[in-house]
Amino acid sequence: MKKFDFNIIGHRKKLYIISSVIILLGLSLLLFRGLNLGIDFRSGTILELDLDSVSFEINLGGEFTVADLRPALSPHFERLVFGATGTDMETITVHVGGSKDMAAALTAVQAKWPEARFGAPQVLDVTSGAVRDVLDEFYDTMQIRDLTNTSSVEVRTTDFDDETFPQVMAAIRAIWPAAEATIPVSVDATFSSELVRQAIMALALASLGMLIYIAIRFEYRFAVAAVLALLHDVIIVLAFFAIFRIEVNSEFVAAILTIVGYSINDTIVVFDRIRENLRGSKRQSDFEGLVNRSILETLRRSINTSATTLLAIGAVLFLGGVTLRPLAIALVVGILAGTYSSIFVASSIWVDWKESDIARKLKKA
C-alpha cells in the first residue's frame with residue numbers, strides 16, 4: 001500500500017488564513033452580537049416538578065364514595081388523585097405519586113371491601129422532551145434537566161408568570177395527574193458569573209501549568225505553541241456558537257475545559273514524535289521536512305482517536321435530547337478543532353518560530 005504523503009507544513013500559510021478567517025468572523029460576532037446566553041447566565045425562575053404518577057383501577061365490588069375510599073388509601077400514598085369513576089359505580093381510577101405501598105393499600109381496602117381488587121399499575125413515562133412539549137405553549141425560553149430522581153425534572157425559564165402558573169400545572173397534570181411542583185424560586189446570574197470566573201481562572205492556571213511542564217519536558221517554543229493552539233481551539237468553539245447562535249449554558253463551561261484537556265494530549269503526541277526525530281536526525285536545518293514527517297507518522301493515530309471519540313459524542317448529540325445538545329455540539333466542534341490544531345497549527349507555529357530564530361542568528365553572524 002502506498003504510504004500517504006502530503007506536505008502539511010508547506011501549506012501552513014494557507015491553513016493560518018483559514019483559521020484566521022473563522023476566528024475573526026467569530027470574534028466580530030462576539031463583539032457586536034455576543035453569545036446566545038442560556039438561562040444559566042440570565043435571571044430567571046427555577047421550578048422543580050415531581051411527575052411521579054402511577055395509575056391503576058380499583059374495583060370494590062360494590063358502590064362507594066370517594067370520601068369512603070380516601071381514608072383507606074391516604075396513609076399508604078404520598079400523593080393521591082382520584083380520576084374517572086366507572087359506569088357501574090364500582091370502579092374508580094386512582095393516580096398516586098411519591099412514596100407508595102401498594103400491598104398495604106390493597107390490604108387496607110380489602111379490610112373494608114373484601115371483594116376489592118387492584119388493576120395492573122401503569123407507570124407514566126417521564127422525559128425532559130415530553131415535559132418540553134407540554135410547556136412550549138407557555139414558555140419561549142426554558143431549560144429542562146432530569147434530576148437524580150428519574151421522575152423529577154427541573155425547569156428554568158425567563159418567561160415565568162404567576163398568573164399563568166395554574167394553567168401550566170393544569171397542563172402538566174393532564175398528562176401526569178399526581179404531579180407536584182415546588183414553590184417557584186427566582187434566581188439571578190450571580191452563580192453562573194462566579195462559575196465563569198472560576199472557569200477562566202482554571203483555564204489560565206492550566207495553561208500556565210502546561211507552559212511550565214512542556215517547557216521543562218520539551219522546550220519553551222513547544223510550550224508556547226501548544227498553549228496558542230489551545231486558545232485557537234477555544235476561540236473556534238466560541239466562534240461557532242456565536243455564528244450559529246447556539247445557546248450557551250453552564251455545561252458549555254465544562255465542555256471547554258474538556259476540550260482543553262483533549263487537545264493538549266493530541267498536541268503532546270505530535271511534539272513527542274518531533275523531539276524523537278530531532279534527536280535521530282543528522283540534518284538540523286530541514287525543520288519543515290522533519291516536522292512534516294513527524295506529523296504524518298502520528299496522523300493515523302490522531303485521526304483514529306478523534307473518530308472513536310466522535311462516535312461516542314455523536315450518540316449523545318443525536319440521542320441525548322435537547323438538553324444535552326449544546327454540550328455535545330461544543331464537544332464535537334472542540335474535538336475537530338483540537339485535532340486540526342494538533343496536526344496543522346501547533347507544529348507550524350513551532351517551525352516558523354524555530355526558523356525565525358535561526359535566521360536571526362545567521363543575520364547577526
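The values are calculated or read from the model by the stated rules, or taken from the named source; none is laboratory data. Since we're looking at a predicted model, the values are computed, not measured. Cβ sites come from the backbone with ideal geometry, for glycine too, and all protein chains shown count toward neighbours.
Taking the conditions exactly as written (touching a helix residue (DSSP H, G or I) at 6+ places or on another chain (Cβ under 7 Å), buried (at least 17 other Cβ atoms within 10 Å of the Cβ) and under 27 Å from Val248 (Cβ atoms)), does Val345 satisfy them or not?
Details: touching a helix residue (DSSP H, G or I) at 6+ places or on another chain (Cβ under 7 Å): yes; buried (at least 17 other Cβ atoms within 10 Å of the Cβ): yes; under 27 Å from Val248 (Cβ atoms): yes.
It is true that Val345 is touching a helix residue (DSSP H, G or I) at 6+ places or on another chain (Cβ under 7 Å), buried (at least 17 other Cβ atoms within 10 Å of the Cβ) and under 27 Å from Val248 (Cβ atoms).
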Please find, among Ala215, Ala179, Ala239, Ala225, the residue that is modelled with pLDDT of 85 or more, surrounded by 15 or more Cβ atoms within 10 Å (Cβ to Cβ) and assigned by TED's automatic domain parsing to the domain that holds Glu154. Ala179
Read through the list (1) in a helix (DSSP H, G or I); (2) at pLDDT below 85; (3) over 32 Å from the mean Cα position of the chain (by Cα); (4) not aliphatic (A, V, I, L, M), then give the number of the only condition that Glu251 fails. (3)
Which numbered condition in (1) among the hydrophobic types (A, V, I, L, M, F, W, C); (2) surrounded by 15 or more Cβ atoms within 10 Å (Cβ to Cβ); (3) part of a strand (DSSP E or B) is the only one that Phe160 fails? (3)
Apart from one, (1) more than 24 Å from the chain's Cα centre (by Cα); (2) farther than 20 Å from Ile358 by Cα; (3) polar (S, T, N, Q) all hold for Asn292; the odd one out is (2)
May I ask you to verify whether Ser128 is out of contact with any Gly (no Cβ under 8 Å at 6 or more places or on another chain), farther than 30 Å from Ile349 by Cα, not assigned by TED's automatic domain parsing to the domain that holds Ile274 and not charged (D, E, K, R)? no
Out of everything in segment 46-89 that is of a type in the set (Asp, Glu) and under 25 Å from Met169 (Cβ atoms), what residue ends up being modelled with the lowest pLDDT? Asp52
Lone unmet requirement of (1) farther than 28 Å from Thr127 by Cβ; (2) in contact (Cβ under 8 Å) with a residue 60 or more places away in the chain for Ile39: (1)
Every residue from segment 4-47 that is buried (at least 17 other Cβ atoms within 10 Å of the Cβ), within 27 Å of the chain's Cα centre (by Cα) and of a type in the set (D, E, K, R): Asp40
Scan segment 117-155 for residues that are at pLDDT below 85 and touching a Phe, Trp or Tyr at 6+ places or on another chain (Cβ under 6 Å) and jot them down. Leu124
Among the residues listed as Asp140, Asp146, Asp136, Asp101, the single one being without any contact (Cβ under 8 Å) to a residue 12 or more places away in the chain and assigned by TED's automatic domain parsing to the domain that holds Leu73: Asp136
Which condition number in (1) of a type outside the set (A, V, I, L, M, F, W, C); (2) loosely packed, with under 13 Cβ neighbours inside 10 Å; (3) modelled with pLDDT of 85 or more; (4) more than 17 Å from Arg221 (Cα to Cα) is the one that Lys282 fails? (3)
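Looking at Thr305, Thr267, which one is assigned to a helix (DSSP H, G or I) and either of a type in the set (Asp, Glu) or surrounded by fewer than 20 Cβ atoms within 10 Å (Cβ to Cβ) (or both)?
After applying the criteria, what remains is Thr305.
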Before we move on, is Arg273 outside the structural domain of Met142 (by TED's automatic domain parsing), touching a residue at least 12 places away in the same chain (Cβ under 8 Å), in a helix (DSSP H, G or I) and more than 22 Å from Ser19 (Cα to Cα)? yes
